[in-house]
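Only one structure is covered here, and it is reproduced in the block below.
What follows is calculated from the coordinates using simple rules that are stated; it is not laboratory data. Model, not experiment: these values are computed from the prediction. Cβ atoms come from the backbone with ideal geometry, glycine included; neighbour counts cover every protein chain shown.
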């Protein structure tokens, strides 16, 4: 089986590594160069997009910000999974909000802003504080503004207008203004849907962000009520999109209610723990769904956590002395804030996982992992 992945980053790399034992061959389309490459050795080139489509039995994507012409070409081939529309929804918050409304899924009160009049109306209709997110270009905390009250509204609008003016011409840009939610914690659900409509989901995962970027994800025994609530949302969205593959949904938890923050039509950073903590990892399950193979079990094998390595190209080798700790590098050149790799760690119990996380926090350089130790200490107090 041959699969072309749109995008040649770390997610394509991890897909290729996960499904080699299934005799699935992965090539990746580098959207920057226009070349089809080996996702493990990107200097090996196999041709252009047309040649990549000819090679592939199926086509999928590792990220949602793919130009619409490329998506249209791949959709016309009849090989693209999930569909171009599903991928577009993940890349445009306007489409995403409309989908959530159509599925009657709870999410933050919001308004779409394309003009100054829209902006002024949002200030009148929504309660402060507000978070404003670019509809098309924002991710990992970028393309976002926070507005506590009207006193800074004029300067924020000038910044947004400059953002619009500097954006790609010919594309209608917008910002989605949302009321900030006083949530208890952030969680995500990663699941898979096959072409027959069967769905399986992994346990809800608790996420911690540092400056808008995911830094830690922890998966442990599930709260059955919250899990059922999240699964219902997943099925509603996945069925509406006639989705094929892995889909991630980020939630705010407020008491016993989950509000959708955003969706990602792909394998997801908060699901990396599945490589060591689940029966079948998210990367294999995505390709199983895409290639019409039976979905693998999503059950938690053991409590597990993932720590992102941001902007660092080395960590102390001593972390590998900690039992059930696995290091995953992405083969990238070092850049401030860049996702360079991740560390997965597991335990036979939450207490053992917490202890191993604290051992990691003691070894990893505090300057590069500055919020890790206090977060792990709070988690350790909760489970002990």
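Peptides 310-319, 368-377, 354-363, ordered by how many other C-beta atoms sit within 10 Å of their residues on average, highest first, read 354-363, 368-377, 310-319. Over all distinct Cα-Cα pairs of the range 60-106, the Kirkwood formula returns a hydrodynamic radius of 11.2 Å. One compactness figure for the range 129-244 is 1.34, namely its Cα radius of gyration divided by 2.2 N^0.38 Å. Taken over the chain, the convex hull of the Cα atoms encloses 145 Å³ per residue.
Kirkwood-type hydrodynamic radius, the range 34-97: 12.6 Å, calculated from all non-identical alpha-carbon pairs. Estimated from helical segments only, the mean residue ellipticity of the chain at 222 nm is -9500 deg cm²/dmol, where each DSSP H run of four or more residues counts as -39500 (n - 2.57). What would the Debye formula give as log10 I(q)/I(0) at q = 0.14, 0.19, 0.20, 0.21 Å⁻¹ for the alpha-carbon point model of the range 248-330, no solvent? The Cα Debye sum returns log10 ratios of -0.66, -1.05, -1.10, -1.14.
Take each of the peptides 218-229, 197-208, 325-336, average the number of other beta-carbon atoms within 10 Å over its residues, and list them starting from the highest.
Numbers: 218-229: 16.2, 197-208: 20.4, 325-336: 13.0.
Put in order of decreasing packing, that is 197-208, 218-229, 325-336.
When the Cα convex hull of the range 185-383 is projected onto planes of every orientation, the mean area is 10.9 nm².
Distances longer than 19 Å among the Cα atoms of the range 2-80: what percent of all pairs is that?
It works out to 24 percent of all Cα pairs.
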